[in-house]
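Notes follow once the structure below has been shown.
The values are calculated or read from the model by the stated rules, or taken from the named source; none is laboratory data. Nothing here was measured: the structure is a model prediction, and the numbers come from that model. Using ideal geometry, Cβ is built from the backbone for each residue, glycine included, and neighbour counts are taken over all protein chains shown. The area values use the complete protein model at the heavy-atom level, side chains included, leaving out ligands, DNA and RNA. Shrake-Rupley method; radii C 1.70, N 1.55, O 1.52, S 1.80 Å.
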Amino acid sequence: MTVFDDRSPIYRQIADRIKADVANGTLSPDEQVMSTNQYASFYAINPATAAKAFAQLVDEGVLYKRRGVGMFVSPGAREALVSDKRTKYFDAVLGPALDEAEAIGIDPKDIFEFLAARTKRDPK
């Protein structure tokens, strides 16, 4: 059974999955992750593919390697990933939505009122 799709390279899907686990707190700072060989065996993929994903994550500062021990989640990785996701959200989702609202004549005051009402309805 495969858990990967054909939309992007498998190494990128592995990296994205690990980043998501770090961002949502499933993987904690300094927590050890599966080795590349364990990952390859578990998901029935080439170890070089897993190694490429792990190398990318090390380059991005999400993981760090302890020689002879394995790969671990970098301290601060969650905060960096969440910050990056927030920036991308504002750029890719909220910015275009506000541009569209302006284009169709929605007053910013109406947007604030909508958000205030939505926040009261869905407290978190």
*Test for Y64: is it among the hydroxyl-bearing types (S, T, Y), at pLDDT 95 or above and over 15 Å from the mean Cα position of the chain (by Cα)*: yes
*Just one of (1) open to solvent by 70 Å² or more (accessible area, probe 1.4 Å); (2) hydrophobic (A, V, I, L, M, F, W, C); (3) under 17 Å from A20 (Cα atoms) trips up L98, so point out which.*
(3)
*When you go through (1) at positive phi; (2) in contact with a strand residue (DSSP E or B) (Cβ under 9 Å, 6 or more places away or on another chain); (3) surrounded by fewer than 12 Cβ atoms within 10 Å (Cβ to Cβ) one by one for G68, which number turns out not to apply?*
(2)
*Which residues, taken from region 101-117, are hydrophobic (A, V, I, L, M, F, W, C), surrounded by 10 or more Cβ atoms within 10 Å (Cβ to Cβ) and part of a helix (DSSP H, G or I)?*
A101, I111, F112, F114, L115, A116, A117
*List every residue pair whose Cβ atoms lie under 8 Å apart, where the two residues are 6 or more positions apart in sequence or sit on different chains, the first residue falls within region 42-55 and is of a type in the set (S, T, N, Q), and the second residue, located anywhere, is crowded, with 18+ Cβ neighbours inside 10 Å and part of a helix (DSSP H, G or I).*
N46/A40; T49/I10; T49/Y11; T49/I14; T49/A40
*region 18-38 residues that are closer than 13 Å to L57 by Cβ, paired with ones that are surrounded by 14 or more Cβ atoms within 10 Å (Cβ to Cβ) and among the basic types (K, R) (beta carbon under 7 Å, 6 or more apart)*: V22/R78; A23/R78
*asked:* Just to be sure before I move on: is K120 open to solvent by 100 Å² or more (accessible area, probe 1.4 Å) and within 24 Å of A23 (Cβ to Cβ) in the structure I sent?
replied: no
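Rundown of residues vs (1) in a helix (DSSP H, G or I); (2) acidic (D, E); (3) modelled with pLDDT of 95 or more; (4) closer than 30 Å to G95 by Cα, yes/no style:
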| position | (1), (2), (3), (4) |
| --- | --- |
| F4 | no, no, no, no |
| I18 | yes, no, yes, yes |
| P29 | no, no, yes, no |
| Q38 | yes, no, no, no |
| S41 | yes, no, no, no |
| A55 | yes, no, yes, no |
| E79 | yes, yes, yes, yes |
*Within the bounds of region 72-85, is there any residue that is open to solvent by 80 Å² or more (accessible area, probe 1.4 Å) and over 17 Å from the mean Cα position of the chain (by Cα)?*
no
*asked:* Looking only at residues that are closer than 16 Å to D16 by Cα and of a type in the set (F, W, Y) in region 34-49, which one is least open to solvent (accessible area, probe 1.4 Å)?
replied: Y39
